[in-house]
Amino acid sequence: MRPTPTPPIPRTPMRPTPTPPTPTGPTGTRPTGPTGTRRSVRDPAATLLGDPDLFARQTFGREIARRDVPDAAGLLGLDDVDHLLADTALRAPAFRLVREGRALPPEQYTRRARIGSRTVTDLADVEAVHRLIGEGATLVLQGLHRYWPPVTRACQALEHALDHPVQANAYLTPPVAAGLHVHGDPHDVLVVQTWGRKRWQVWPPGTDPNDPGDPALDDDLRLGDVLYLPAGTPHAPRTIDAASLHLTVGIRSRTWRELVRRAVDDALTDPRYDEPLAAGWTSRLDEVAAGLSRELQHVGRSIAEQDAAQLATAHAVEAIGRRPARHQGTLPLLLDPTALTDGTRLEKVGGHPCEVVEAGARVELVLADRRLRVPGRAAGAVHAVAALERLTPGDLSDHLDEHSRLVFARRLVREGLLRPVPPERDDAPSSLVGGRP
C-alpha cells in the first residue's frame with residue numbers, strides 16, 4: 001500500500017509487488033508460514049495491502065493510505081448481505097441496526113422461533129430489518145471474520161502478514177443517512193468499499209477532533225477503494241445520495257506496553273512482593289517511600305537481568321497460539337483414517353497458524369491454541385510441512401518411514417492444519433478472496 005502525504009490523499013494505483021525478504025519470527029528464521037515455492041493461492045493480504053512487507057515498514061501505524069482493489073466486491077457484495085439476511089437464520093448479536101448514531105432495540109428487528117426443542121428470541125426479522133433500512137437505519141454485520149468465509153480468509157491472511165489480531169464488521173447504509181461526528185478509533189482500520197459509495201472526511205493523525213480544521217481527505221469511496229487509517233485518525237463518514245456497503249477491518253495492535261508488562265509481571269513473581277505493608281503505614285509515608293524506592297530499584301534490576309530474547313519468543317508463541325484454528329475439510333478423514341495414504345494430496349488450511357519453534361532436543365509446531373512437540377529426529381518433516389502449501393505424506397519419505405509419516409499426517413489433519421485437496425481444485429489455483437461459499 002502506497003503511503004500518501006497529507007494533505008491531500010489522492011487515489012493511487014496498485015503498485016507492483018516486489019519479492020519481500022524473508023521475515024523474522026520467534027526463532028530468527030521463518031520457514032514456517034505459507035512461503036514455500038509451491039504456493040499458488042492468491043494472498044488477500046497482498047491484495048488489500050500491496051506489498052505487505054513494504055506496508056509494515058512504511059505505512060503501518062504511521063500514514064493514511066489509499067489504494068484500489070478491483071475485486072473487493074468478492075469479499076462481501078450486496079447479494080451476499082441479502083443472502084445472509086434471508087437465507088441463513090442470522091441471529092443477534094451477529095447483526096444490529098443503528099440510526100442517527102444510536103443502536104435500535106433488538107426487539108424492533110428480531111423475532112421468536114423454535115430451533116429444536118428451544119425457543120430463541122434473537123432471530124432476524126427480515127421484513128422488519130428491510131423496513132428499518134428503508135427508514136434510514138444502518139445495518140451492521142458484526143464479527144464477520146467468524147462466519148463469512150471470504151472475510152474469514154482475508155482476516156486470517158492479514159493477521160498472518162501483520163502479526164496483530166484482526167476483526168471485521170460490515171455497514172450497509174441507505175442514502176442520506178446521518179453521518180457520524182468526527183471521531184478516532186482506538187485501533188488501526190482498513191475500510192474496504194464493496195458496493196455503492198460513501199463520503200469520507202479524514203484528518204491527519206494527531207488532529208484534535210473537537211477542532212479539526214480542513215480535512216486531508218474529503219472524497220467518496222467507491223467500489224474497490226481501500227482506505228487505511230492508523231489508530232486515532234479523526235474521520236467522519238456519511239452517505240449522500242447513494243447507498244453504501246463497506247467493510248471495516250479493525251487491526252488490534254499488540255503493543256510494547258504488553259511486552260514490557262510481561263517482563264514486569266515476571267519480575268513481580270518474587271514472593272517478597274507479597275509481604276504486607278507495615279501496620280499504620282499511612283502515617284509513616286516517609287518510611288514507605290524509602291522502602292518503595294528500594295523495591296523499585298530491585299524490580300528494575302530483575303527486569304534488566306531477564307532474557308529479552310526468551311521473553312520475546314514466549315510472547316510471540318502466545319500470540320500465534322491465540323490465532324483461530326480452522327478445521328475445514330478434515331471431517332471425512334477423521335471418519336475414515338485409512339483413506340489417507342502415501343499418495344493423498346494434502347494442502348494447508350488457509351489462515352491456520354503454523355510456526356516452528358526449536359525447543360532443545362525437540363521441535364514444537366505451534367498450531368493456533370496448541371503445540372505439537374516432535375522429537376528432533378522428525379524436525380526435517382516438521383520444517384517440510386511448514387514450508388510447503390501442498391504435499392503428500394510420501395513427500396516426507398526423506399525424514400520418516402511410511403508408518404510414521406502417515407501417523408504424522410493424520411495428526412496434522414486432526415489438528416486442522418492439513419486437509420485433502422478437493423478433486424476439482426487438484427491442479428487449479430484457488431482464491432482466498434472468493435464469493436459466497
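The values are calculated or read from the model by the stated rules, or taken from the named source; none is laboratory data. Keep in mind that what you see is a predicted model, and the values were worked out from it rather than measured. Here the Cβ is made from the backbone with ideal geometry for all residues, glycine too, and neighbour counts use every protein chain on show.
Only a single item in (1) assigned to a loop (DSSP other than H, G, I, E, B); (2) at pLDDT 95 or above; (3) of a type outside the set (Asp, Glu) is not met by Thr22, and it is number (2). For segment 363-401, taking the residues that are modelled with pLDDT of 80 or more and among the charged types (D, E, K, R), the one that is nearest to Ala157 (Cα to Cα) is identified as Glu389.
Given the structure, is Arg345 in the same structural domain as Ala359 (by TED's automatic domain parsing), out of contact with any Gly (no Cβ under 9 Å at 6 or more places or on another chain) and modelled with pLDDT of 85 or more? Quick ask: steps written out before the conclusion?
Numbers: in the same structural domain as Ala359 (by TED's automatic domain parsing): yes; out of contact with any Gly (no Cβ under 9 Å at 6 or more places or on another chain): yes; modelled with pLDDT of 85 or more: yes.
So Arg345 passes the test.
Before we move on, is Arg272 surrounded by fewer than 16 Cβ atoms within 10 Å (Cβ to Cβ) and not assigned by TED's automatic domain parsing to the domain that holds Arg146? Spelling it out, Arg272 is indeed surrounded by fewer than 16 Cβ atoms within 10 Å (Cβ to Cβ) and not assigned by TED's automatic domain parsing to the domain that holds Arg146. Consider segment 121-161 and keep the residues that are surrounded by fewer than 18 Cβ atoms within 10 Å (Cβ to Cβ) and among the small types (Gly, Ala, Ser). The one that is nearest to Ala319 (Cα to Cα) is Gly143.
Which residue is surrounded by the most Cβ atoms within 10 Å (Cβ to Cβ), if the candidates are limited to segment 416-437 and must be at pLDDT 80 or above and in a loop (DSSP other than H, G, I, E, B)? For segment 416-437, the residue satisfying everything is Leu417. Within segment 188-210, the set of residues being under 21 Å from Ala65 (Cα atoms) and either surrounded by fewer than 17 Cβ atoms within 10 Å (Cβ to Cβ) or among the aliphatic types (A, V, I, L, M) (or both) comprises Val189, Leu190, Val191, Val192, Val202, Gly206, Asp208, Pro209.
Figure legend. Inter-residue proximity from segment 385-399: first residues over 19 Å from Val366 (Cβ atoms), second residues at pLDDT 90 or above and β-branched (Val, Ile, Thr), beta-carbon distance below 9 Å, spacing 6+ or different chains. Indicated pairs: Thr392/Thr341; Thr392/Thr344; Pro393/Thr341; Pro393/Thr344; Gly394/Thr341; Gly394/Thr344. Annotation: of all residues in segment 96-105 being surrounded by fewer than 18 Cβ atoms within 10 Å (Cβ to Cβ) and out of contact with any Lys or Arg (no Cβ under 7 Å at 6 or more places or on another chain), the one that is farthest from Leu221 (Cα to Cα) is Pro105.
Looking at this structure, is Arg410 modelled with pLDDT of 85 or more, of a type in the set (D, E, K, R) and not assigned by TED's automatic domain parsing to the domain that holds Pro150? Yes; evaluated as a whole, the condition is true for this residue. Only a single criterion out of (1) exposed (fewer than 12 other Cβ atoms within 10 Å of the Cβ); (2) assigned to a helix (DSSP H, G or I) is not satisfied by Arg373, namely (2). Looking only at segment 314-332, decide whether some residue is outside any strand (DSSP E or B), farther than 28 Å from Leu396 by Cα, without any contact (Cβ under 8 Å) to a residue 40 or more places away in the chain and hydrophobic (A, V, I, L, M, F, W, C). Looking through segment 314-332, none of the residues is outside any strand (DSSP E or B), farther than 28 Å from Leu396 by Cα, without any contact (Cβ under 8 Å) to a residue 40 or more places away in the chain and hydrophobic (A, V, I, L, M, F, W, C).
For every residue, the table says whether it meets (1) aliphatic (A, V, I, L, M); (2) surrounded by fewer than 16 Cβ atoms within 10 Å (Cβ to Cβ); (3) under 22 Å from the mean Cα position of the chain (by Cα); (4) farther than 29 Å from Val191 by Cβ.
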residue: Ala73; (1), (2), (3), (4): yes, no, yes, no
residue: Leu76; (1), (2), (3), (4): yes, no, yes, no
residue: Asp79; (1), (2), (3), (4): no, yes, no, no
residue: Leu84; (1), (2), (3), (4): yes, no, yes, no
residue: Thr88; (1), (2), (3), (4): no, yes, no, no
residue: Ala94; (1), (2), (3), (4): yes, no, yes, no
residue: Gly116; (1), (2), (3), (4): no, yes, no, yes
residue: Thr119; (1), (2), (3), (4): no, yes, no, yes
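Condition first: in contact (Cβ under 8 Å) with a residue 60 or more places away in the chain, surrounded by 13 or more Cβ atoms within 10 Å (Cβ to Cβ), over 20 Å from the mean Cα position of the chain (by Cα) and under 21 Å from Gln167 (Cα atoms). Can you find one or more residues in segment 244-257 that meet it? Checked segment 244-257: at least one residue is in contact (Cβ under 8 Å) with a residue 60 or more places away in the chain, surrounded by 13 or more Cβ atoms within 10 Å (Cβ to Cβ), over 20 Å from the mean Cα position of the chain (by Cα) and under 21 Å from Gln167 (Cα atoms).
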